[in-house]
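First the structure, in the form of structure tokens, and then the observations on it.
The values are calculated or read from the model by the stated rules, or taken from the named source; none is laboratory data. Computed from a predicted structure; not experimentally measured. Every residue, glycine as well, gets a Cβ built from its backbone with ideal geometry; the counts of neighbours run over all protein chains shown. Ligands, DNA and RNA are stripped out before the accessible areas are found, and what is left, the full protein with its side chains, is counted by its heavy atoms. Shrake-Rupley method; radii C 1.70, N 1.55, O 1.52, S 1.80 Å.
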Amino acid sequence: MATFTGSDDLQGAQFRGADLRGARFVGSDVSGVVMRGVDAAGVDIDAPWLLEGDAVLLVNGVNVVPFVEAELNRRFPGRADQRAADPDGLRAAWEVLQRTWAATLARVDAMPAGTVDVSVDGEWSFAQTLRHLVMATDTWLRRAIQQVEQPYHPIGQPNTGASGDGLDLSIFVTERPSYDEVLAVRAERVAMVRDFLATVTPEELAAPRTNPWAPQHPETVLSCLHTILEEEWEHHRYAVRDLDAIPGASTA
């Protein structure tokens with residue numbers, strides 16, 4: 001089985017009559033790819049940035065991006081409020097989001113023992129997803145908004161390539177923490193966001209901040225909060241997707 005990595009430049013490559021059944025593209029740039037006369041039955045695309053800006057995804061000449069957005073909002077009530085722009089709207093959006101997470105946590109508790117550490121198709125386990133959200137909160141609330149000098153909890157789960165962004169990975173634990181530890185730290189971070197939103201003002205939302213990963217891109221307190229909400233909803237979607245694939249899964 002051939003494997004292509006970042007060192008392989010396939011820009012402009014042409015595949016004619018090629019059998020790509022079962023191929024897997026992970027973290028790859030397929031923007032502008034053109035497919036003609038292809039058998040796309042069963043194709044599974046997960047593009048978390050598809051809905052940003054003026055992105056277009058054409059299927060048989062139809063831009064399906066608006067349909068994807070509408071369907072995700074239907075499946076996940078409250079998701080449509082992740083771009084709330086005022087304090088009251090942000091507070092309400094956070095509370096709906098955390099009720100959604102609470103229902104998913106209850107679902108996981110009812111699943112077979114060990115479910116929280118199961119990886120589906122090499123993706124993060126449920127526990128790792130919660131750990132990553134700890135890091136996301138630390139990055140965008142504690143580091144970007146509150147400008148804490150060392151904002152990270154050791155239990156956080158760095159994303160792939162974080163070291164390339166200048167993050168010192170020695171901050172984080174290498175041994176797998178217990179699920180109870182993960183839940184405790186996660187609850188602390190959820191409360192931190194709730195407490196911040198409880199008193200934030202419109203003037204504070206407009207205050208400028210520095211993007212922790214790309215300092216050349218200006219941010220505001222509001223845009224940082226939007227990133228937190230986006231991280232929460234996207235990783236909830238991933239978590240539910242993978243829970244559905246685990247034997248013994250329940251949609252209850």
Inset, instruction - Considering only protein heavy atoms, with the full assembly of protein chains and a 1.4 angstrom probe, order E204, E175, E219 by accessible area, largest first. - result: E175, E204, E219
Legend entry - Label-point gap, in nm, between D44 and T220 - each point 7 angstrom along Cα→Cβ: 3.9
Legend entry - Ranked order, S119, S7 - accessible area, probe 1.4 Å, largest first: S7, S119
Inset, instruction - Could you work out how far helix 179-199 tilts from the main Cα principal axis of the chain, as a 0 to 90 degree angle to the nearest 10? - result: 70
Legend entry - Relative contact order for segment 139-252, counting Cα pairs under 8 Å that sit 6 or more residues apart, in percent: 26
Inset, instruction - Determine the gain in length on full extension of the stretch R237-E52; use 0.36 nm per residue of separation and subtract their C-alpha separation, reporting nm with one decimal. - result: 64.9 nm
Legend entry - Span from the segment 178-203 Cα centroid across to the segment 1-20 one, whole angstrom: 44
Legend entry - Computed label-point distance, nm, for sites A85 and Q146 using a 7 Å Cα→Cβ extension: 2.8
Legend entry - Tilt relative to the chain, helix 65-75 - C-alpha long axis, 0 to 90 degrees, to 10: 50
Legend entry - For E219, residues with placed amide H under 5 Å, excluding near neighbours: R209, N211
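In whole percent, and with a 1.4 Å probe on the protein chains, what portion of the accessible area of segment 194-250 is carbon and sulfur?
Details: 1570 of 2700 Å².
Roughly 58 percent, rounded to a whole number.
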Inset, instruction - Would you calculate the separation in nanometres between label points at N60 and L183, each defined as 7 Å from the Cα along the Cα-to-beta-carbon direction? - result: 4.7
Inset, instruction - For the chain, just the Cα set please: Rg and Dmax, both in angstrom. - result: 19.7, 60
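Quick check for me: using +1 on Lys/Arg Cβ and -1 on Asp/Glu Cβ, what's the dipole size of the chain about its Cα centre, in debye to the nearest 20? Could you put the intermediate results ahead of the total?
Numbers: 21 positive and 37 negative charges, 83 e Å.
Using Cβ point charges on Lys, Arg, Asp and Glu, the chain gives about 400 debye.
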Inset, instruction - Springs between alpha-carbon atoms under 10 Å, Gaussian network over the chain: tell me which of S223, S28, S125 tops the mean-square fluctuations. - result: S28
Legend entry - Rounded tilt (10° steps) of 87-109 against the dominant C-alpha axis of the chain: 70
Legend entry - Net lengthening on full extension, D195/D117 (0.36 nm per residue, minus Cα-Cα): 25.1 nm
Legend entry - Surface per residue (accessible, 1.4 Å probe) for segment 1-159, Å²: 67
Inset, instruction - Mind putting a number on the dipole of segment 104-187 about its Cα centre? Charges go on the C-beta only, +1 for Lys and Arg and -1 for Asp and Glu, and I need it in Debye to the nearest 20. - result: 200
Inset, instruction - May I ask for the net charge around R21, where only other residues with Cβ less than 13 Å from the Cβ of R21 are counted and Lys, Arg are +1 while Asp, Glu are -1? - result: -2
Inset, instruction - Could you please put T129, T5, T220 in sequence from largest to smallest accessible area, using a 1.4 Å probe? - result: T5, T220, T129
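Between A13 and R99, what FRET efficiency comes out of the Förster formula 1/(1 + (r/R0)^6) with R0 = 41 Å and r the beta carbon distance, rounded to 0.05?
0.30
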